[in-house]
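Beneath this line is the structure, given in structure tokens, with notes to follow.
The values are calculated or read from the model by the stated rules, or taken from the named source; none is laboratory data. Small disclaimer: the values here were computed from a predicted structure and weren't measured. With ideal geometry, Cβ positions are generated from the backbone for all residues, glycine too; neighbour counts draw on all protein chains shown. Surface areas here come from the heavy atoms of the whole protein model, side chains and all, with no ligands, DNA or RNA. Shrake-Rupley method; radii C 1.70, N 1.55, O 1.52, S 1.80 Å.
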Amino acid sequence: MSAVDVPVTGHANDHGDPHVNYLKAKSGIGSWLYTLDHKRIGILYLAMVSLAFLAGGIFALLLRFELFTRGKTIVDAETYNRFFTLHGAIMVFLFIIPSVPAALGNFCLPIMLGAKDVAFPRLNMWSFYIYLIGAGISLYSIINGAVDTGWTFYTPYSASPTKNYVWAMTFGVFVLGFSSILTGLNFLVTTHTMRAPGVTWRRLPLFVWGMYATAIIQVLATPVLAITVLLLGMERVFGLGVFDPRLGGDPVLFQHFFWFYSHPAVYIMIVPGMAIVSEIIATFTRRAIVGYFAIAMSSLSLALLGFLVWGHHMFTAGMSEFSTMLFSALTFLVAIPSGVKVFNWTTTLYKGDVWLTTPMLYALSFIFLFSIGGLTGLFLGSLSVDIHLHDTYYVVAHFHYVMMGGTVMGFIGGLFYWWPKITGKLYNESIAKVGWFLVFVGFNVTFISQFIMGSRGMPRRYYDYLPQFEPFHKASTIGSWILGLGMLIEAYALLSAVFSGKKSPPNPWGSAGYEWNTATPPVLANFVETPVITRGPYDYHLATPEELFDGFPEDAPKK
Amino acid sequence: MNGVMLALDPVSYQLPEAMATSAGPIDWLFGVIFWISAAFFVGIVGAMVFFAWKYRKRPGHKSEPTEHYPILELGWTIAPIPILVLLFHWGFQGYIDLSIPPADAIEIRVKGFQWGWDFEYPNGESDNVLHVPKDRNVKLVMSSTDVLHAFYVPGFRTKRDLVPSMYTSVWFRPTKTGETDLMCAEYCGGRSKDANGDELQPSQFKGHWSMWAKVVVNTPEDFEKYMDGLAPDLKGDPAKLAERGKTIWTKKQCAGCHTIDGSKGSAPTWKGLFGKSHKMADGTDVVADENYVRESILTPNAKIVAGYPSPSLMPSFQGTVKDKDIDAIIAFMKSIKD
Ligand SMILES: [Cu+2]
């Protein structure tokens with residue numbers, strides 16, 4: 001990087017020496033709780049979403065265990081119904097939606113732009129606290145109100161007089177949504193206004209493009225939740241008939257509102273996962289991603305299409321034939337940008353120098369699993385076939401392949417990839433690879449059995465099942481144990497690195513990404529001097545293999 | 001050879017046995033999509049694994065700079081479109097065929113409730129088992145008395161939501177005699193505790209998953225016989241009437257709450273109930289006579305038995321329990337008076 005003498009100023013200065021490792025710049029509990037540093041806020045988020053993932057995962061294991069045998073295995077029916085509600089709500093609203101943007105995005109996005117922080121650091125801190133408040137409200141209402149409606153809260157079941165807490169729950173989700181609006185807004189403004197000199201739109205790292213597309217969805221979709229909360233509230237308080245047929249409302253209307261938010265939310269979940277995969281693949285093939293522009297644009301078009309396909313959750317609910325047709329057609333369009341990404345990633349491997357580190361194994365697993373998730377979407381998008389598959393385990397398996405096989409694999413891959421950057425420590429590759437293997441095998445055992453039992457007619461959200469489904473349920477439960485074990489090993493690999501890992505060199509992967517072009521872990525102000533960028537984030541051809549690790553000739557100070 | 005073909009045919013192990021004409025086009029399309037997907041999957045993952053191995057990192061090996069492949073890029077953006085258009089077209093066509101019932105279809109009314117089904121046949125009689133004739137078009141007109149449910153018969157590949165305050169319908173044409181399963185496919189809750197909050201026996205848990213019903217495909221002759229059997233002439237035979245009352249007790253779900261052996265369930269037992277004077281929640285004493293029983297069935301909230309929560313846990317059976325069913329229930333109650 002050519003050195004330009006711009007003095008580092010701004011808030012970072014008020015909170016410690018800007019040129020010291022951000023983890024050491026200040027200490028004490030308060031330095032974390034009131035921090036305005038995007039990196040520390042990212043870590044706070046990471047801690048919370050990891051807790052949420054752990055909780056959601058424990059519920060998942062309990063559910064699978066209950067289904068191991070027919071009839072009662074460990075818990076009664078009402079408890080089971082609450083467990084799957086908790087599993088879904090925690091995983092979707094508390095874990096996946098904030099996972100990549102709020103944790104890894106917060107940490108990496110400003111560094112990748114060559115910025116000192118996000119545009120509104122104080123708002124960033126508030127978004128974290130609003131997340132905590134929203135999480136508190138939703139968990140309180142689910143647990144206290146014994147909410148057993150599933151994470152979709154369909155009326156009129158959720159409007160029964162005994163279910164007073166659904167409104168509170170939806171309100172909690174709205175508060176959570178508000179926190180993601182703030183994050184989204186921050187990312188949009190940061191990307192527009194805080195890029196370092198030389199970071200042009202065409203040199204924007206693909207991770208940033210993904211975050212940018214996600215931010216657009218976050219800002220636009222969440223207000224619909226507010227309207228839903230308002231309508232549910234008016235119905236509760238004033239008896240206005242909106243969703244409850246007993247009051248003259250239309251129960252199907254709720255499904256429209258719900259999916260009008262929750263379908264775009266699916267893209268809030270998957271686009272960031274894709275964004276991470278693009279970074280990992282470029283680094284470990286030593287090659288610019290094929291079709292950089294196409295990948296960036298496909299993120300934006302997924303964000304846009306995400307708003308137009310909510311009706312595909314309701315093909316059996318009694319919509320008009322015309323709307324059904326429209327939603328099916330639009331749904332098929334989603335296949336195009338998704339396919340473009342997968343094809344581009346795969347061709348990037350061609351003539352690359354493929355280094356199979358743990359993050360790379362996760363990125364390749366993403367391609368494998370997301371392809372299955374996407375292709376099974378073709379069955380569900382075809383109207384007549386969907387009639388048979390809707391609300392069966394086939395759908396459950398499909399969205400787990402997309403959400404878990406996609407986003408979660410991307411997230412874990414991203415954690416391993418940026419772990420040295422975040423903590424300054426190296427994790428143990430062998431342990432992490434064993435964990436990866438168990439996760440990959442366990443995941444497939446768990447969910448392939450669900451595909452088959454689903455297409456054979458096993459409906460979802462069942463406490464008990466007919467004898468013909470027993471072998472599939474057994475296999476799926478055993479798979480969940482393998483998967484759980486793999487996750488534990490990965491958690492161990494990450495945590496043990498923090499405490500006893502070797503110190504990481506500044507650029508352990510020899511990546512050309514901008515975020516590796518500063519100290520590891522970064523200094524409080526991210527860069528000692530404002531960087532001036534003269535090359536793209538994937539310009540591997542400008543350096544020899546050795547220079548990749550030691551610093552690009554391009555970036556060396558010009559005398 | 002045949003065995004291999006069978007194993008290769010995704011429909012043979014991924015879908016349940018087809019029992020209606022509606023399955024034909026759906027299974028065909030399922031197979032088509034399966035093979036298209038399999039081809040893409042093998043192509044993508046095959047290329048991925050091959051490249052990862054061929055261009056693996058090793059001493060002296062270097063990556064080559066990325067080139068632009070405009071033709072390739074355009075190709076894989078455009079090539080899937082015709083496939084997608086075809087899939088959409090086939091799916092939509094199948095869907096339309098499934099949604100327009102032929103004019104000559106036999107109409108059966110379906111009521112879904114928490115947690116069971118009621119089927120009313122053209123002769124006005126009803127049952128909790130769905131019998132349908134083979135090789136005849138059958139149309140179901142469905143509604144729900146409480147929350148959303150969905151009618152799902154995997155063997156017929158039909159599914160449709162039941163929505164309160166709205167009628168929805170499905171139709172099908174069974175092709176094979178025999179039995180198959182009907183399940184609810186829209187989550188509708190569950191209960192594993194009684195009115196006092198005490199845990200029930202696992203066998204008494206009820207909910208979404210227990211909305212299972214048997215579907216029996218009969219020959220048209222057997223179907224007629226079955227319908228006639230639902231409406232036996234019982235006039236003047238109290239023993240047979242009581243027998244029928246007992247059948248209704250199980251078929252209309254009364255048995256889910258009311259016992260007939262004097263034991264305590266989530267509702268008052270029927271043993272020794274008829275003719276007895278007992279206390280209501282408002283303190284009055286009421287004799288359980290014919291009118292009281294009738295009122296209890298049609299408007300459970302009119303009088304609530306002392307010690308039970310209000311509003312009553314019992315749903316109204318207005319419309320699903322007919323007058324002559326009530327006669328039979330009363331005859332049955334009389335037979336277990338003491
Ligand atoms: Cu149901």
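Do the sum for chain A: with -39,500 (n - 2.57) for every DSSP H run of n ≥ 4, divided by all residues, what is the mean residue ellipticity at 222 nm, to the nearest 500 deg cm²/dmol? Can you show the working numbers first?
On the way: 19 runs with 342 residues, N = 559.
Taking each H run of at least 4 residues, the total per residue is -20500 deg cm²/dmol.
For region B:154-220, what does the alpha-carbon gyration tensor say about shape, rounded, prolate or oblate, given a ≥ b ≥ c as the root eigenvalues, a/c under 1.5 as rounded, and a/b over b/c as prolate? Mind dumping the intermediate values first?
On the way: a/c = 3.54, a/b = 1.79, b/c = 1.98.
Cα axes put region B:154-220 in the oblate bin.
Could you tell me how many cubic angstrom of Cα convex hull volume region A:194-345 has per residue? Show your work: numbers first, answer last.
Numbers: hull volume 18.1 nm³, N = 152.
Once divided by residue count, the hull of region A:194-345 is 119 Å³.
Keeping all protein chains in place and using 1.4 angstrom, which order do B:D261, A:D250 fall into by accessible surface area, from largest down? Before the final figure, lay out each step's value.
Working: B:D261 105, A:D250 70 Å².
Heavy-atom accessible area, descending, gives B:D261, A:D250.
Provide the per residue accessible area, probe 1.4 Å, for chain A, rounded to a whole number of square angstrom. Provide the component values of the computation, followed by the final result.
Details: 17860 Å² over 559 residues.
Heavy-atom accessible area per residue stands at 32 Å².
Per-residue accessible area for B:S266 at 1.4 Å probe radius, Å² rounded to 10?
Approximately 30 Å² of B:S266 is accessible to the 1.4 Å probe.
Considering all projection directions equally, how large on average is the shadow of the alpha-carbon convex hull of region B:124-172, in square nanometres? Present the calculation step by step, with values, prior to reporting the outcome.
Working: hull surface 15.8 nm².
Across all orientations, region B:124-172 yields a mean hull projection of 4.0 nm².
With point charges of +1 on the Cβ of Lys and Arg and -1 on the Cβ of Asp and Glu, referenced to the Cα centre of region A:31-548, which listed residue (A:A363, A:T222, A:I97) lies farthest in the positive direction of the dipole?
Going by the charge dipole, the pick is A:A363.
B:L162's amide H: which non-local residues (gap 5+, or another chain) put their own amide H closer than 5 Å, with H modeled 1.01 Å from N in plane and none for Pro or chain starts?
It is B:H149, B:A150, B:F151, by chain and number.
Nearest 100 Å² is fine: how much accessible area is buried between A and B, summed over both sides, with a 1.4 Å probe?
Details: alone 21500 and 20270 Å², together 34390 Å².
Answer for the A-B pair: about 7400 Å² buried.
Which shape class, rounded, prolate or oblate, goes with region B:2-99 when its Cα gyration tensor gives a ≥ b ≥ c as root eigenvalues, a/c under 1.5 marks rounded, and past that a/b bigger than b/c marks prolate? Walk me through the numbers on the way to the answer.
Working: a/c = 5.32, a/b = 1.88, b/c = 2.83.
Judged from the Cα gyration tensor, region B:2-99 comes out oblate (a/c at least 1.5, b/c at or above a/b).
Calculate one ³J(HN,Hα) per residue across region A:251-257 by plugging θ = phi - 60° into the Karplus curve 6.51 cos²θ - 1.76 cosθ + 1.60, and present them in order as whole Hz with x for glycine and proline.
Karplus-based 3J(HN,Hα) across region A:251-257 equals x, 6, 4, 4, 4, 4, 4 Hz.
Given Cβ point charges of +1 (Lys, Arg) and -1 (Asp, Glu) and nothing else, what value in debye, to the nearest 20, does the dipole of chain A about its Cα centre take? Spell out each step's value before the answer.
Details: 32 positive and 29 negative charges, 87 e Å.
In debye, rounded to 20, chain A gives about 420.
If the chain between A:L220 and A:A519 were fully stretched, how many nm would it gain, using 0.36 nm times the residue separation less the Cα-Cα distance? Please list the in-between numbers first.
On the way: separation 299, 0.36 × 299 = 107.64 nm, distance 3.61 nm.
Between A:L220 and A:A519, full extension yields 104.0 nm more.
Considering only protein heavy atoms and a 1.4 Å probe, what is the carbon-and-sulfur percentage of the accessible area of the protein assembly as shown? Don't skip to the answer; put the middle values down first.
On the way: 22650 of 34390 Å².
On the protein assembly as shown, the fraction of accessible area on carbon and sulfur atoms equals 66 percent.
Working with all protein chains in place, sort A:R203, B:R191 by solvent-accessible area computed with a 1.4 Å probe, largest first.
Details: A:R203 65, B:R191 90 Å².
So, going from the largest accessible area down, we get B:R191, A:R203.
In the neighborhood of A:L67, defined by Cβ-to-Cβ distances under 12 Å, what is the net charge if each Lys or Arg adds +1 and each Asp or Glu adds -1? Walk me through the intermediate numbers first.
Details: positive: A:R64, A:R70, A:K72, A:R460, A:R461, A:K474; negative: A:E66, A:D464, A:E470.
Taking every other residue near A:L67 into account, the sum is +3.
At a 1.4 Å probe radius, which order do A:E515, A:E429, B:E221 fall into by accessible area, largest first?
Details: A:E515 5, A:E429 55, B:E221 115 Å².
Final ranking, largest accessible area leading: B:E221, A:E429, A:E515.
With every protein chain left in place, what is the accessible area of B:D198 in Å² (1.4 Å probe, nearest 10)?
Number for this one is 80 Å².
With +1 assigned to the C-beta of every Lys and Arg and -1 to the C-beta of every Asp and Glu, and no other charges, what is the dipole magnitude of region B:238-335 about the Cα centre in debye, to the nearest 20?
On the way: 14 positive and 10 negative charges, 65 e Å.
With Lys and Arg at +1 and Asp and Glu at -1, about 320 debye.
Within 12 Å, Cβ to Cβ, of B:K159, how many net charges do the neighbouring residues add up to if Lys/Arg are +1 and Asp/Glu are -1?
In short, -2.
Label points 7 Å out from Cα along the Cβ direction at B:S277 and B:K139: separation in nm?
Here the answer is 5.5 nm between the modelled labels.
Using alpha carbons only, how many degrees (0 to 90, rounded to 10) separate the axis of helix B:23-54 from the longest principal axis of chain B?
Roughly 40 degrees, rounded to the nearest 10.
Probe of 1.4 angstrom, ligands and nucleic acids ignored: what's the accessible area per residue over region B:106-228, in square angstrom? Present the calculation step by step, with values, prior to reporting the outcome.
Values: 4330 Å² over 123 residues.
Roughly 35 Å² per residue, with all protein chains present.
Compare the Cα positions of B:F119, A:L139, A:T191 along the charge dipole of the protein assembly as shown (+1 at Cβ of Lys, Arg; -1 at Cβ of Asp, Glu; about the Cα centre) and return the one farthest towards the positive end.
A:T191
List the residues whose amide H sits under 5 Å from the amide H of B:R56, counting only those 5 or more places along or on another chain, with H placed 1.01 Å from N in the peptide plane.
Close amide H contacts, sequence-distant or interchain: A:V354.
Ratio of Rg to Rh for region A:31-548, alpha carbon only, Kirkwood? Please list the in-between numbers first.
Working: Rg = 22.5 Å, Rh = 23.4 Å.
Rg divided by Rh gives 0.96.
From the mean inverse distance of alpha carbon pairs (Kirkwood) and the Cα radius of gyration, derive Rg over Rh for region A:281-321.
Working: Rg = 17.2 Å, Rh = 13.1 Å.
Rounded to two decimals, Rg/Rh equals 1.31.
Can you list the lysines whose alpha carbon is less than 22 Å from that of A:K26, not counting same-chain residues fewer than 8 positions off?
List returned: A:K39, A:K116, A:K421, A:K425, A:K503.
Along the charge dipole of region B:2-99, Cβ charges K/R +1 and D/E -1, which of B:A39, B:P82, B:Y55 sits furthest on the positive end?
B:Y55
Report the local net charge at A:Y362: Lys and Arg +1, Asp and Glu -1, summed over other residues whose C-beta lies under 15 Å from its C-beta. List each step's numbers first, then the result.
Values: positive: A:K433; negative: A:E279, A:E429, A:E490.
It works out to a net charge of -2.
Could you please state, rounded to a whole Å, how far the C-alpha centre of region A:385-410 is from the C-alpha centre of region B:105-141?
With region A:385-410 and region B:105-141 each reduced to a Cα centre, they are spaced 32 Å.
Taking the Cα atoms of the protein assembly as shown, what is the range of coordinates along each of the three principal axes, in descending order and whole Å?
Per principal axis, max minus min of the Cα coordinates gives 114, 68, 44 Å.
Taking the Cα centre of region B:106-228 as origin and charging only Cβ (+1 Lys, Arg; -1 Asp, Glu), how large is the dipole, in debye to the nearest 20? Mind dumping the intermediate values first?
Values: 15 positive and 18 negative charges, 100 e Å.
With Lys and Arg at +1 and Asp and Glu at -1, about 480 debye.
Just read off the accessible area of A:K421 with the full protein assembly in place, 1.4 Å probe, to the nearest 10 Å².
Probe radius 1.4 Å; accessible area of A:K421 about 0 Å².
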